[in-house]
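Where a number appears in this text, it was derived from the coordinates with a stated rule and is not lab data. Computed from a predicted structure; not experimentally measured. Backbone-built Cβ (ideal geometry, glycine too); neighbour counts: all protein chains shown.
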Amino acid sequence: MTRHKAISTLAIFLSTAFISAMCIVLFQQLTGNQSWNANAPQPQVENPDFSLGGGTDEWSHDSFPLDTLSDTAPLRIKIPELGVDSKVVPVGINPDQSMEIPSNIFNIGWYEPGPSPGDPIGSAVLAGHRDGAEAGRGAFYNLGELDRGDVIKLSTKTKKMKFSVMRTEILDKDSFALRSQEIFASDGPGVLTLITCGGDYDRSRGGYQANVIVTAKMSG
């Protein structure tokens, strides 16, 4: 199946393994050069839970030399307002169609099949842990505290970029599912989208019951 067909097929499922696969124990999960893939498949996100499901560090730069990563792959994210300074690792889609999430709660996962940060079209998605059962607070623990105008900094092998927060939202599972195609868009204006889990934590219902979504635009 081509990626063009895959995006249409997977978009139908955008809604369940994403949250249950990520928040059960707590969150564990081109510019002009056409490096982004407009036909990237979208993960199944009926349940945008960020915690256990599909943790991976297979493609971390600790394991792979930098020359194996594209020039547009984000390597580090800094959010001065929150004191965040974290490594970014490429992630993809698990066999169950959920988005892979780094197993290290201090790393951030960039959804590599989609747009890259700074691309003029589409939503570049980075997902990070809120916390972990044993490790405590994760990289995106305070993500929901970002306000309009706050700065997000990203760096690749070749450049540094700044993004300005446009909005911060908390979406329950149903709302996330309804807007999943927007969140993982491969068309429309270029934006940076940061995701972590949020809302109430209910172990009997699979963990966190909502997600924090931060949308930002490139500013420099």
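Descriptive notes on the structure:
- Net charge, S164 excluded, C-beta distance under 15 Å - Lys, Arg +1, Asp, Glu -1: +4
- Amide H contacts of V89 (H built 1.01 Å from N, in plane; Pro and chain starts excluded): I108, G109, W110 sit under 5 Å, all sequence-distant by 5 or more or on other chains.
- When both region 70-112 and region 170-216 are represented by their alpha-carbon centers, they are found 15 Å apart.
- Note on region 63-220: Kirkwood radius taken over Cα pairs, Stokes-Einstein applied at 25 °C and 0.890 mPa s, translational D equal to 155 µm² s⁻¹.
- The relative contact order of region 78-220 comes to 24 percent, based on Cα pairs under 8 Å that sit 6 or more residues apart.
- Pairs from K78/K217; K87/K160; K87/K173; K78/K173 whose Cα-Cα separation, in the structure shown, is over 23 Å: K87/K173; K78/K173
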